1. If I ask for residues that are open to solvent by 100 Å² or more (accessible area, probe 1.4 Å) and within 17 Å of Phe121 (Cα to Cα), which ones from the stretch 1-30 would you list?
2. Thr359 versus (1) open to solvent by 60 Å² or more (accessible area, probe 1.4 Å); (2) over 18 Å from Glu307 (Cα atoms); (3) more than 11 Å from the ligand (Cβ to nearest atom): which is the lone unmet condition?
3. Among the residues of the stretch 326-340, are any within 16 Å of the ligand (Cβ to nearest atom), of a type in the set (Val, Ile, Thr) and either open to solvent by 20 Å² or more (accessible area, probe 1.4 Å) or part of a loop (DSSP other than H, G, I, E, B) (or both)?
4. Among the residues of the stretch 281-288, is there at least one that is more than 16 Å from the ligand (Cβ to nearest atom) and in contact with a Lys or Arg (Cβ under 8 Å, 6 or more places away or on another chain)?
5. Only one of these is without any contact (Cβ under 8 Å) to a residue 24 or more places away in the chain and not assigned by TED's automatic domain parsing to the domain that holds Glu78: Leu221, Leu237. Name it.
6. Check every one of the strands (runs of 3 or more DSSP E) wholly within the stretch 154-271 and list those with 1 or more residues that are open to solvent by 30 Å² or more (accessible area, probe 1.4 Å) and closer than 29 Å to Ala287 by Cβ.
7. Read through the list (1) at pLDDT 95 or above; (2) under 16 Å from Lys92 (Cα atoms); (3) more than 16 Å from the ligand (Cβ to nearest atom), then give the number of the only condition that Ala366 fails.
8. Do we find a residue being more than 10 Å from Asn360 (Cα to Cα), among the charged types (D, E, K, R) and over 27 Å from the mean Cα position of the chain (by Cα) anywhere in the stretch 307-318?
Amino acid sequence: SETLAYSMYSKWIQSWRDLPLKINFWNTALRAEIKATKPFLRTSEFLWQEGHTVHATQQEAEGEVAEILEIYKKTVQEELAIPVITGKKSDKEKFVGAVYTTTMESIMPDGKALQMGTSHFLGQNFSKPFEVKYLDKNNTETFAWQTSWGVSWRLIGAMIMVHGDDKGLVLPPRVAPIQIVVVPIYYNEQDSARVNDAADKVEKILKEKGLRVHVDRRDQLTPGFKYNEWEMRGVPLRIEVGPKDVDKNKVMYATRHIKQKKDLAMESISSEIDEILQKIQDEMFEAAKKLLADKTTKTSEYSEFREAIEKGTFVDAGWCGKRECEEKIKEDTMADIRVIPFDSGNSGKCVYCKNPSVTNAIFGRAY
Ligand SMILES: [Zn+2]
């Protein structure tokens, strides 16, 4: 909350020695969302973090805005395995209090755009009304430069949608609470003892590597039931240990993101497991990148633009920079400018008015 933070900042900050001031809040926010709520995406109360920083110079504040967006991008891509497009919002779509808003955007399998996080350059828009000022090295009273930024549990919603399938969750290994589930398989007392011993051994190897592992020792349930349950819960890797595996001193493993089963020698578990998990993480990211590429249409024809939006894709198209075109497009197709990518090209003419374009922009329909 800007109001809460900046009224305190104006009291805390006196001199250049107090800067930069960077504070992150982990909290919940309440918004007047009553209709058409969606779990994680649009809820009246949501969990998020919001950062609010104060700097002596414009350059330093803008550096912070860029650095935070880069951290967000890295986190979402490397941990959640979701590719994002980073860039700026248009003036119409930026945070009203900001000089400009940078954003990361992605597209979901249903073709809707999702804003994954924003980082705002506030300039002196808040420091002036809230009197966030400091004495500089020459003892001159100066208004500070500010930023704010945030991501919410919406990212969890994105992860569920991008990777999940009809069987349930599919979690990337980096963030899965249980990375590996071990299922012992036996049908009589005699096998039970040696299979469970082998499962214990596997657990020990994996725990020693610092991995999050769970052995499903529930006696009353069949292996098939357990497979289904852990698949639904999205555990990325399952290791099966049966009597025949014990005989051969090996295990079987099955991945959640792609249906496949492979043998793994007991003595190779320790040396190969990291690579197996990393491969899952990489393949999930590649699949999500393909989704983003497949759901992005590049065109300079407005008829094609409309069709693509109707079909549920991003559209990469030229824009003249005028709000009027942005509004007409929105009225006509319910699509808005999601992001003007940092690396956007310029196809030469505005997809709507056909006048010269100042940049390309990514259009899409949002949740
Ligand atoms: Zn135009």
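1. Within the stretch 1-30, just Lys22 meets the criteria.
2. Only one criterion in (1) open to solvent by 60 Å² or more (accessible area, probe 1.4 Å); (2) over 18 Å from Glu307 (Cα atoms); (3) more than 11 Å from the ligand (Cβ to nearest atom) is unmet by Thr359, namely (1).
3. There is at least one residue in the stretch 326-340 that is within 16 Å of the ligand (Cβ to nearest atom), of a type in the set (Val, Ile, Thr) and either open to solvent by 20 Å² or more (accessible area, probe 1.4 Å) or part of a loop (DSSP other than H, G, I, E, B) (or both).
4. Just the residues of the stretch 281-288 that are more than 16 Å from the ligand (Cβ to nearest atom), to begin with: 281-288.
Imposing the further condition that a residue be in contact with a Lys or Arg (Cβ under 8 Å, 6 or more places away or on another chain) reduces the set to 281.
Yes, some residue in the stretch 281-288 is more than 16 Å from the ligand (Cβ to nearest atom) and in contact with a Lys or Arg (Cβ under 8 Å, 6 or more places away or on another chain).
5. Matching residue, one of Leu221, Leu237: Leu221.
6. Of the strands (runs of 3 or more DSSP E) lying wholly inside the stretch 154-271, those with at least 1 residues that are open to solvent by 30 Å² or more (accessible area, probe 1.4 Å) and closer than 29 Å to Ala287 by Cβ span 213-215, 250-255, 260-265.
7. (1)
8. Yes, that holds for at least one residue.
The values are calculated or read from the model by the stated rules, or taken from the named source; none is laboratory data. The shown structure was predicted, so the numbers you read here are calculated from the model rather than taken from an experiment. Cβ sites come from the backbone with ideal geometry, for glycine too, and all protein chains shown count toward neighbours. Protein only, heavy atoms only, side chains kept; ligands, DNA and RNA dropped before computing areas. Shrake-Rupley method; radii C 1.70, N 1.55, O 1.52, S 1.80 Å.
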